[in-house]
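Let me begin by presenting the structure, written as C-alpha coordinates, before commenting on it.
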Amino acid sequence: MNKPIFLIGFMGSGKTTLGKKLAKQLHKKFIDLDEKIVQAIGMSIPDFFKKHGENEFRLLESKLLKEQTDSNTVISTGGGSPCYFDNMDWIRNNGIALYLQLSPKALHSRLEQSNIASRPSLGGLKGEALLEFIENKLQERVSFYQQAHIHIDQINTPLETICQSIKSYEENA
Ligand code: S3P
(Lines give C-alpha, C1' and ligand atoms only; values in the text may rest on other atoms or scores of the structure.)
Protein backbone atom coordinates (compact mmCIF):
# COMPACT_ATOMS: atom_id res chain seq x y z
CA MET A 1 0.00 0.00 0.00
CA ASN A 2 1.34 3.39 -0.92
CA LYS A 3 -0.79 6.26 0.33
CA PRO A 4 -0.13 9.82 1.53
CA ILE A 5 0.58 10.13 5.25
CA PHE A 6 -1.55 12.65 7.17
CA LEU A 7 -0.41 13.98 10.53
CA ILE A 8 -3.34 14.99 12.68
CA GLY A 9 -3.62 16.42 16.19
CA PHE A 10 -4.29 19.49 18.25
CA MET A 11 -2.63 22.86 17.61
CA GLY A 12 0.88 22.81 19.04
CA SER A 13 1.28 19.02 18.94
CA GLY A 14 4.24 19.27 16.57
CA LYS A 15 2.66 18.07 13.33
CA THR A 16 4.80 20.29 11.11
CA THR A 17 8.09 19.53 12.87
CA LEU A 18 7.50 15.78 12.86
CA GLY A 19 6.08 15.90 9.32
CA LYS A 20 9.28 17.42 7.97
CA LYS A 21 11.45 14.82 9.71
CA LEU A 22 9.23 11.96 8.62
CA ALA A 23 9.16 13.14 5.00
CA LYS A 24 12.94 13.30 4.95
CA GLN A 25 13.32 9.86 6.49
CA LEU A 26 10.79 8.26 4.11
CA HIS A 27 12.05 10.17 1.05
CA LYS A 28 8.68 11.79 0.52
CA LYS A 29 7.66 15.41 -0.10
CA PHE A 30 6.41 17.47 2.83
CA ILE A 31 3.20 19.50 2.54
CA ASP A 32 1.83 21.85 5.19
CA LEU A 33 -1.93 22.20 4.65
CA ASP A 34 -2.02 25.58 6.44
CA GLU A 35 0.65 26.85 4.04
CA LYS A 36 -1.41 25.62 1.06
CA ILE A 37 -4.37 27.55 2.44
CA VAL A 38 -2.29 30.72 2.92
CA GLN A 39 -1.05 30.42 -0.68
CA ALA A 40 -4.62 29.99 -1.96
CA ILE A 41 -6.12 32.91 0.00
CA GLY A 42 -3.19 35.27 -0.37
CA MET A 43 -3.41 36.43 3.26
CA SER A 44 -2.72 35.09 6.74
CA ILE A 45 -5.16 32.69 8.40
CA PRO A 46 -6.04 35.20 11.19
CA ASP A 47 -6.82 37.85 8.52
CA PHE A 48 -9.00 35.35 6.62
CA PHE A 49 -10.91 34.46 9.81
CA LYS A 50 -11.52 38.18 10.45
CA LYS A 51 -12.57 38.97 6.89
CA HIS A 52 -14.56 35.88 5.89
CA GLY A 53 -15.24 33.97 9.12
CA GLU A 54 -14.38 30.46 10.25
CA ASN A 55 -17.04 28.73 8.10
CA GLU A 56 -15.42 29.92 4.87
CA PHE A 57 -12.05 28.79 6.22
CA ARG A 58 -13.38 25.31 6.96
CA LEU A 59 -14.87 24.97 3.47
CA LEU A 60 -11.60 25.92 1.83
CA GLU A 61 -9.61 23.73 4.21
CA SER A 62 -11.78 20.73 3.30
CA LYS A 63 -11.44 21.42 -0.43
CA LEU A 64 -7.65 21.72 -0.26
CA LEU A 65 -7.35 18.68 2.02
CA LYS A 66 -9.12 16.54 -0.55
CA GLU A 67 -6.66 17.63 -3.23
CA GLN A 68 -3.85 15.92 -1.28
CA THR A 69 -3.83 12.59 -3.04
CA ASP A 70 -0.15 12.26 -3.94
CA SER A 71 1.07 9.03 -2.35
CA ASN A 72 4.61 10.38 -2.22
CA THR A 73 3.78 13.00 0.42
CA VAL A 74 3.62 13.56 4.16
CA ILE A 75 0.97 16.19 4.98
CA SER A 76 0.64 18.10 8.23
CA THR A 77 -3.00 19.13 8.64
CA GLY A 78 -4.45 21.96 10.73
CA GLY A 79 -5.67 21.11 14.23
CA GLY A 80 -9.30 21.39 13.09
CA SER A 81 -8.94 19.67 9.71
CA PRO A 82 -10.16 16.18 10.71
CA CYS A 83 -13.06 17.57 12.75
CA TYR A 84 -15.27 19.14 10.05
CA PHE A 85 -17.53 17.70 7.35
CA ASP A 86 -16.49 14.19 6.29
CA ASN A 87 -12.80 15.11 6.41
CA MET A 88 -11.74 12.37 8.83
CA ASP A 89 -13.51 9.68 6.79
CA TRP A 90 -11.80 11.03 3.70
CA ILE A 91 -8.38 10.99 5.41
CA ARG A 92 -8.93 7.42 6.63
CA ASN A 93 -10.00 6.23 3.20
CA ASN A 94 -7.35 8.02 1.19
CA GLY A 95 -4.30 8.00 3.41
CA ILE A 96 -2.55 6.76 6.49
CA ALA A 97 -3.52 8.88 9.49
CA LEU A 98 -1.11 9.45 12.38
CA TYR A 99 -2.42 11.08 15.54
CA LEU A 100 0.13 13.00 17.61
CA GLN A 101 -1.27 12.57 21.07
CA LEU A 102 -0.31 15.08 23.78
CA SER A 103 -1.90 15.88 27.12
CA PRO A 104 -3.66 19.25 27.58
CA LYS A 105 -0.83 20.29 29.94
CA ALA A 106 1.86 19.51 27.37
CA LEU A 107 -0.11 21.30 24.64
CA HIS A 108 -0.58 24.26 26.96
CA SER A 109 3.10 24.69 27.69
CA ARG A 110 3.99 24.35 23.99
CA LEU A 111 1.28 26.79 22.89
CA GLU A 112 2.22 29.34 25.58
CA GLN A 113 5.67 29.48 24.00
CA SER A 114 4.28 29.92 20.48
CA ASN A 115 2.76 32.87 18.70
CA ILE A 116 -0.84 32.74 20.01
CA ALA A 117 -1.99 35.44 17.57
CA SER A 118 -1.17 33.24 14.58
CA ARG A 119 -3.88 30.78 15.69
CA PRO A 120 -7.29 32.48 15.63
CA SER A 121 -8.99 29.38 17.09
CA LEU A 122 -7.23 30.15 20.40
CA GLY A 123 -9.01 33.50 20.67
CA GLY A 124 -5.91 35.18 22.14
CA LEU A 125 -6.22 33.26 25.41
CA LYS A 126 -3.34 32.81 27.86
CA GLY A 127 -2.56 31.15 31.20
CA GLU A 128 -5.35 29.26 33.00
CA ALA A 129 -7.97 30.38 30.46
CA LEU A 130 -5.89 28.85 27.67
CA LEU A 131 -5.52 25.56 29.56
CA GLU A 132 -9.27 25.41 30.13
CA PHE A 133 -9.90 26.14 26.47
CA ILE A 134 -7.49 23.36 25.39
CA GLU A 135 -9.14 20.84 27.73
CA ASN A 136 -12.60 21.63 26.34
CA LYS A 137 -11.59 21.82 22.69
CA LEU A 138 -9.58 18.61 22.89
CA GLN A 139 -12.54 16.83 24.42
CA GLU A 140 -14.65 18.05 21.48
CA ARG A 141 -12.09 16.93 18.91
CA VAL A 142 -10.54 13.80 20.35
CA SER A 143 -13.14 11.41 18.91
CA PHE A 144 -12.01 12.51 15.44
CA TYR A 145 -8.31 12.32 16.21
CA GLN A 146 -8.73 8.84 17.69
CA GLN A 147 -9.96 7.50 14.37
CA ALA A 148 -6.37 7.73 13.09
CA HIS A 149 -4.79 4.45 12.00
CA ILE A 150 -1.71 5.04 14.16
CA HIS A 151 -1.48 6.85 17.52
CA ILE A 152 1.81 8.39 18.60
CA ASP A 153 3.02 9.76 21.90
CA GLN A 154 5.00 12.44 20.09
CA ILE A 155 7.14 13.49 23.03
CA ASN A 156 8.59 10.05 23.70
CA THR A 157 8.45 8.20 20.41
CA PRO A 158 11.66 8.04 18.36
CA LEU A 159 11.37 8.64 14.61
CA GLU A 160 12.54 5.08 13.91
CA THR A 161 9.65 3.65 15.92
CA ILE A 162 7.16 5.85 14.08
CA CYS A 163 8.52 4.67 10.71
CA GLN A 164 8.26 1.09 11.96
CA SER A 165 4.62 1.62 12.98
CA ILE A 166 3.84 2.99 9.51
CA LYS A 167 5.59 0.05 7.88
CA SER A 168 3.74 -2.55 9.92
CA TYR A 169 0.44 -0.77 9.35
CA GLU A 170 1.09 -0.83 5.60
CA GLU A 171 2.02 -4.52 5.68
CA ASN A 172 -1.08 -5.49 7.60
CA ALA A 173 -3.65 -3.19 5.96
C1 S3P B 1 -6.67 25.53 13.68
C2 S3P B 1 -5.36 25.11 13.64
C3 S3P B 1 -4.33 25.76 12.81
C4 S3P B 1 -4.97 26.40 11.57
C5 S3P B 1 -6.09 27.31 11.97
C6 S3P B 1 -7.17 26.62 12.78
C7 S3P B 1 -7.61 24.85 14.61
O8 S3P B 1 -3.35 24.81 12.42
O9 S3P B 1 -5.44 25.42 10.68
O10 S3P B 1 -5.52 28.39 12.70
O11 S3P B 1 -8.80 25.19 14.62
O12 S3P B 1 -7.16 23.96 15.37
P13 S3P B 1 -2.23 24.21 13.45
O14 S3P B 1 -2.82 23.02 14.11
O15 S3P B 1 -1.11 23.86 12.53
O16 S3P B 1 -1.89 25.31 14.40
Here the percent of antiparallel bridges among DSSP beta bridges lying wholly in the chain, to the nearest 5, is 0 percent
List, in order, the whole-Hz ³J(HN,Hα) value for each residue of segment 129-145 obtained from phi through the Karplus relation with A = 6.51, B = -1.76, C = 1.60 and θ = phi - 60°; use x for Gly and Pro. 5, 5, 4, 5, 4, 4, 4, 5, 5, 5, 4, 5, 9, 4, 5, 6, 4
Helix axis angle, 15-26 relative to the chain longest principal axis, alpha carbon, degrees: 20 degrees
Rg(Cα) of segment 58-173 divided by 2.2 N^0.38 Å? 1.14
Please give the Cα centre distance for segment 7-58 versus segment 156-170, rounded to the nearest Å. 23 Å
Using the Karplus curve 6.51 cos²θ - 1.76 cosθ + 1.60 with θ = phi - 60°, work out ³J(HN,Hα) for each residue of segment 79-93 in order, rounded to whole Hz, and write x for Gly and Pro. x, x, 3, x, 9, 10, 6, 9, 4, 5, 4, 4, 4, 4, 7
Tell me, what HN-Hα J-couplings in whole Hz come from the Karplus equation 6.51 cos²θ - 1.76 cosθ + 1.60 at θ = phi - 60° for each residue of segment 108-119, using x for Gly and Pro? 4, 5, 5, 5, 4, 8, 9, 7, 4, 5, 7, 10
Where does the charge balance sit around ALA173 when Lys and Arg score +1, Asp and Glu -1, over other residues with C-beta under 12 Å from its C-beta? +1
Which residues' amide hydrogens lie under 5 Å from the amide hydrogen of ILE75, considering only partners 5 or more residues apart or on another chain, with H built in the peptide plane? ILE5, PHE6, LEU7, ILE31
When the chain is treated as a Gaussian network with springs between alpha carbons less than 10 Å apart, the largest mean-square fluctuation among HIS151, HIS108, HIS27 is found at HIS27
Hey, what did segment 1-141 get for relative contact order, percent, Cα under 8 Å, at least 6 apart? 38 percent
What order do you get for 50-57, 94-101 when each peptide is scored by the mean count of other beta carbon atoms within 10 Å, highest first? 94-101, 50-57
For the chain, give the magnitude of the charge dipole about the Cα centre (Cβ charges: +1 Lys/Arg, -1 Asp/Glu; no others), in debye to the nearest 20. 340 debye
Selected from ALA106, ALA173, ILE31, residue furthest toward positive end of dipole (the chain; charges at beta carbon): ILE31
Which aspartates and glutamates does LYS50 reach when only Cα atoms under 17 Å apart count, and residues fewer than 8 places away in its own chain are ignored? ASP34, GLU61
Accessible-area composition of segment 20-173, carbon plus sulfur, in percent [1.4 Å probe]: 47 percent
Accessible area per residue of the chain at 1.4 Å probe, in Å²? 51 Å²
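The values are calculated or read from the model by the stated rules, or taken from the named source; none is laboratory data. Here the structure is a predicted model, which is why all the values come from computation and not from measurement. Here Cβ is always computed from backbone atoms with ideal geometry, including for glycine, and neighbour counts include all displayed protein chains. Please note that ligands, DNA and RNA were not included when accessible areas were found on the heavy atoms of the full protein model with its side chains. Shrake-Rupley method; radii C 1.70, N 1.55, O 1.52, S 1.80 Å.
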